[in-house]
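Let me begin by presenting the structure, written as structure tokens, before commenting on it.
Derivation of every value follows stated rules applied to the coordinates shown; laboratory data play no part. Bear in mind the structure is a predicted one, so any value in this text is a computation, not a measurement. No Cβ is skipped: glycine too gets one built from the backbone with ideal geometry, and neighbour counts run over all protein chains shown.
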């Protein structure tokens, strides 16, 4: 028997450059080579929770365009019937500090806006038809207390 080691989610930091022409935000170390599609999500308020979506093979990448989000992830132990006692990790991403959070295969993720009208861009290395076949949904109230962020 062999053990599969999952890649851990990682934060790819960026930066900004400010001069008389405006503000340039960047995440130069984010390699777009594997990306097949992207979409944006706008949360009108801080009450909406989008959780949990998981993938066994697909990578997701999150970049905040406006406002801020708490993004949580959890490593899934059993895709058919995951333990409800798993421990989620989280980060807060803001548009003011450019970065990309990579959620690796084997994890479920969720997010919640921390400011009204926050917007996030999500990149995927899977086309939509393959993503749907690899997608798993779990109850938003498992693994993380979203109410701690208001």
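From least to most packed, judged by other beta carbons within 10 angstrom and beginning with the fewest, 132, 64, 70 follow the order 132, 70, 64.
If the segment from residue 28 to residue 115 were pulled out straight at 0.36 nm per residue, it would be longer than the present Cα-Cα gap by 28.7 nm. Its residues counted as N, region 1-80 yields a C-alpha radius of gyration over 2.2 N^0.38 Å of 1.43.
Taking only the alpha carbons of region 92-150, we obtain Rg and Dmax values of 13.5, 35 Å in that order.
Packing, taken as the mean count of other beta carbons within 10 Å per residue, orders the peptides 71-80, 103-112 from highest to lowest as 103-112, 71-80. Taking other C-beta atoms within 10 angstrom as a stand-in for reagent exposure, 47, 89 fall in the order 47, 89, fewest first. Summed over qualifying helices (DSSP H, 4 residues or more, each -39500 (n - 2.57)) and divided by its residue number, the chain shows a 222 nm mean residue ellipticity of -1000 deg cm²/dmol. Distance between the 7 Å Cα→Cβ label points at residue 140 and residue 16: 3.0 nm. Of the peptides 17-30, 116-129, the order by per-residue mean of other Cβ atoms within 10 Å, starting with the highest, comes out as 116-129, 17-30.
Using the alpha-carbon positions of region 10-144, Rg (one decimal) and Dmax (whole number) come out as 15.3, 55 Å.
The residue 84 and residue 35 beta-carbon pair, evaluated with R₀ = 30 Å, returns a calculated FRET efficiency of approximately 0.35. Both radii were evaluated on the Cα set of region 56-134; the Rg over Rh quotient, with Rh as the Kirkwood radius, amounts to 1.00.
In this calculation the C-beta distance from residue 56 to residue 147 is compared with R0 = 22 Å, giving a FRET efficiency of 0.15.
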